[in-house]
Amino acid sequence: MADRPLGKILQIHGEEAITQPHQPFLAVGATVVTTDNRIIGKLSRPIGRVDHPYQVVKLNSADPSLLGQFVIAKVSNKKRKKHHKSRR
């Protein structure tokens with residue numbers, strides 16, 4: 001798995017957290033972990049301006065202690081099999 005830093009958690013709203021990565025990251029559904037490798041949720045949609053995006057993380061549970069923690073997205077390097085429609 002490749003690691004992509006998402007930055008610190010800036011805000012928590014219910015079961016969603018907001019981060020501000022240095023680069024936009026579009027791997028929606030990637031697993032998000034803390035620096036001690038604890039799984040906290042899944043990567044959701046980017047929001048905000050294109051040149052200054054924020055990233056939404058869907059948390060497994062609302063946990064205010066995550067505020068200010070640095071989080072990382074784990075992305076699988078495995079290539080997906082392509083499904084081709086058969087021609088008939």
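Each value in this text was obtained by applying a stated rule to the coordinates, not by laboratory testing. What you see is a predicted model; the values in this text were computed from it and never measured. Every residue, glycine as well, gets a Cβ built from its backbone with ideal geometry; the counts of neighbours run over all protein chains shown.
Can you sort Phe25, Phe70 from fewest to most other Cβ atoms within 10 Å of each residue's own Cβ?
By the 10 Å Cβ count, ascending, the order reads Phe70, Phe25.
So if we plug the beta-carbon distance of His52 and Ser76 into 1/(1 + (r/R0)^6) with R0 = 41 Å, what FRET efficiency do we get, rounded to 0.05?
Computed FRET efficiency for His52 and Ser76 comes out at 0.90.
To the nearest whole percent, what portion of all C-alpha pairs in the stretch 1-76 is separated by more than 16 angstrom?
Of all Cα-Cα distances in the stretch 1-76, 37 percent exceed 16 Å.
Cα to Cα, under 17 Å, and not fewer than 8 places away if on the same chain: which aspartates and glutamates meet these conditions relative to Lys74?
The reachable aspartates and glutamates, counting only those whose Cα sits under 17 Å from Lys74, are Asp3, Asp36.
Using Cα-Cα distances under 8 Å and only pairs 6 or more residues apart, what relative contact order does the stretch 2-75 have, in percent?
43 percent
Could you calculate the contour length gain from Gln11 to Ile39, that is, 0.36 nm times the residue separation minus the distance between their Cα atoms, to one decimal place in nm?
8.3 nm
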